[in-house]
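One structure below.
Rule-based calculations on the coordinates, nothing more; no lab input. Source: prediction; values computed, not measured. Cβ atoms come from the backbone with ideal geometry, glycine included; neighbour counts cover every protein chain shown.
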Amino acid sequence: MSNQESLFVDLSQEENVLKILPRPPLYTSSEAEWKTIQFQHHHQKAGESPPCSHPHHFIIIHNLQQTTQIERTFDGKKRQEKVNTGEISLVPAGVSHHANWNQDMNFSLLIFDPTLVKRAAYESIDPDRVELIPQFAKPDPLISQIGLALNNVLKTDPQNSQFYAESMTTALIGHLLQHYSTNQPALDSFTGGIPKYKLKQAIAYINEHLAEDLSLEAIATEVGMSKYHFGRLFKQATGFSPYQYTLKCRVERGKELLLHKKLSITEVALEVGFSSHSHFTQHFKKLLGATPKQLLKSHI
């Protein structure tokens with residue numbers, strides 16, 4: 001297999017998966033229509049993938065029942081790995097990758113465009129000098145948790161997950177720039193924080209658009225900042241990520257509307273940007289410690 005010519009495969013097109021793996025993904029983010037990242041979850045029999053490179057970066061998150069022996073090769077550099085669940089491997093765009101494994105394997109793929117990394121790096125380092133470093137399997141709890149979070153939202157609320165996926169992607173790219181890049185951003189370049197007028201502008205925008213399908217990019221564009229820097233500095237200023245802050249505002253607005261007793265719980269949920277009664281109730285209870293029904297009973 002190692003003597004075969006390397007293929008060039010775009011894994012973001014799901015039909016291309018079968019060019020390098022025997023089975024299609026069990027499920028993906030395609031129906032959720034995420035714009036910044038694609039998620040695929042796989043179960044593949046023991047076997048191997050041919051040498052290939054890709055136009056996108058992707059991360060493999062291993063979800064294994066037991067330690068698995070994998071022989072992995074990056075651009076001719078081979079390593080025998082004993083991989084455990086939760087470990088990740090990073091395959092940058094353009095890098096030839098080949099692997100074979102000795103037993104059935106569950107794993108998830110996070111697939112994203114290299115331009116996202118360059119845009120995130122633009123304000124702090126020269127984006128033309130940013131390269132992600134190929135990574136043999138290693139533990140990375142943050143990336144593993146991001147993968148688990150994206151997996152969970154696909155199962156519980158895929159139709160209302162765009163903002164969440166975008167926020168997770170921003171956190172992921174910031175982490176990759178800091179730990180897996182050839183030219184890392186200087187953290188002291190962010191210590192000035194977000195200007196107060198931009199913070200007020202962002203909060204006003206969030207509150208004015210709660211019922212809409214808000215995106216991190218839309219909020220950052222409103223205040224003239226990149227998504228990466230806005231997300232980082234917004235959390236520094238408020239203690240919440242933009243996504244968490246938006247959820248908080250939606251729940252608080254929902255509480256106000258419920259107490260006016262003019263709308264049903266389902267109507268309130270839709271009015272403040274939740275996709276369903278159950279989604280609203282889930283976050284309402286998490287943030288306020290009671291369900292909407294319990295709130296209404298306590299104010300009879």
Amide H neighbours of ASN63 at under 5 Å, excluding residues fewer than 5 places away on the same chain, with H built from the backbone geometry, are GLY86, ASN106, PHE107, SER108
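Among 85-94, 46-55, how do they line up from the highest to the lowest mean number of other beta-carbon atoms within 10 Å? Each step should come with its number before you reach the end.
Values: 85-94: 20.6, 46-55: 17.2.
Final packing ranking: 85-94, 46-55.
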Helix 141-156: inclination vs the chain longest Cα principal axis, degrees, rounded to 10, gives 60 degrees
Given backbone amide H placed at 1.01 Å from N, residues whose amide H is under 5 Å from that of SER96, ignoring those fewer than 5 places away on the same chain, are ASP75
Whole-Hz Karplus couplings 3J(HN,Hα) for the range 260-276, θ = phi - 60° and coefficients 6.51, -1.76, 1.60, Gly and Pro as x, run 6, 6, 9, 10, 6, 4, 5, 5, 5, 3, 5, 5, 9, x, 8, 7, 7
The ³J(HN,Hα) series, computed from each phi in the range 92-106 with the Karplus coefficients 6.51, -1.76 and 1.60 at θ = phi - 60°, rounded to the nearest Hz and given as x for glycine or proline, is x, 4, x, 8, 6, 10, 9, 8, 9, 9, 9, 7, 3, 9, 9
Whole-Hz Karplus couplings 3J(HN,Hα) for the range 107-121, θ = phi - 60° and coefficients 6.51, -1.76, 1.60, Gly and Pro as x, run 7, 10, 10, 10, 10, 8, 7, x, 5, 5, 5, 5, 5, 5, 7
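What FRET efficiency, computed as 1/(1 + (r/R0)^6) with R0 = 41 Å and r the Cβ-Cβ distance, is obtained for GLN159 and ILE133, rounded to the nearest 0.05? Each step should come with its number before you reach the end.
Values: r = 36 Å, r/R0 = 0.88.
In this case the efficiency is close to 0.70.
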For the range 204-300, the charge dipole (Cβ of Lys, Arg +1; Cβ of Asp, Glu -1; about the Cα centre) points to a positive end, and the Cα of GLY289, PHE230, TYR245 closest to that extreme belongs to GLY289
Counting sequence-distant residues (5 or more places) and residues on other chains, those with an amide H built under 5 Å from that of HIS57 are ALA93, PHE112
